[in-house]
Amino acid sequence: QDVMDIEVKPKPSRPHWYERHVQPCVAELLGSALFIFIGCLSVVEDSGVTGRLQPALAHGLALGVTIAVLGDI
């Protein structure tokens, strides 16, 4: 008889309470603060020549950086 070798993997343990509750909240707070801070600074520093392009690009860049850095959480 052929017996199939099946690897039995241990059940992964539940993540720590910090990883389940605190870490996502801190990431959300940090991401929102970065997005709002960068966006507001881009509007304040707008010279008027660039029009709507500079704030739009700054918001897009801030959102992209926030997703790249905090996306795993």
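Annotations for the structure displayed:
- Nearest-0.05 FRET efficiency for His21 and Arg52, computed from C-beta distance (R0 35 Å): 0.35
- Our coupling estimate for the range 62-73, obtained by passing each phi through the Karplus curve with A = 6.51, B = -1.76, C = 1.60 and θ = phi - 60°, is 5, 5, x, 5, 4, 5, 5, 7, 9, x, 6, 7 Hz, Gly and Pro reported as x.
- Sites Val8 and Leu30, calculated FRET efficiency, Cβ-Cβ separation with R0 35 Å, nearest 0.05: 0.30
- Per residue solvent-accessible surface (Å²) - the range 15-71, probe of 1.4 Å: 75
- Across the range 8-15, rounded Karplus estimates of 3J(HN,Hα) from the backbone phi angles (6.51 cos²θ - 1.76 cosθ + 1.60, θ = phi - 60°) give 9, 8, x, 5, x, 6, 5, x Hz, Gly and Pro being marked x.
- The Kirkwood radius of the range 15-71, taken over pairs of alpha-carbon atoms, gives through the Stokes-Einstein law at 10 °C and 1.306 mPa s a diffusion coefficient of 127 µm² s⁻¹.
- Normalised by the number of residues in the range 15-71, the mean separation of alpha-carbon contacts (under 8 Å, six or more apart) gives a relative contact order of 39 percent.
- Extension gain for the segment Leu61 to Phe37, taken as residue separation times 0.36 nm less the Cα-Cα distance, is 7.4 nm to one decimal.
The values are calculated or read from the model by the stated rules, or taken from the named source; none is laboratory data. Bear in mind the structure is a predicted one, so any value in this text is a computation, not a measurement. Every residue, glycine among them, receives a Cβ derived from its backbone with ideal geometry; neighbour counts consider all protein chains shown. Side chains included, ligands, DNA and RNA excluded: accessible areas come from the protein's heavy atoms. Shrake-Rupley method; radii C 1.70, N 1.55, O 1.52, S 1.80 Å.
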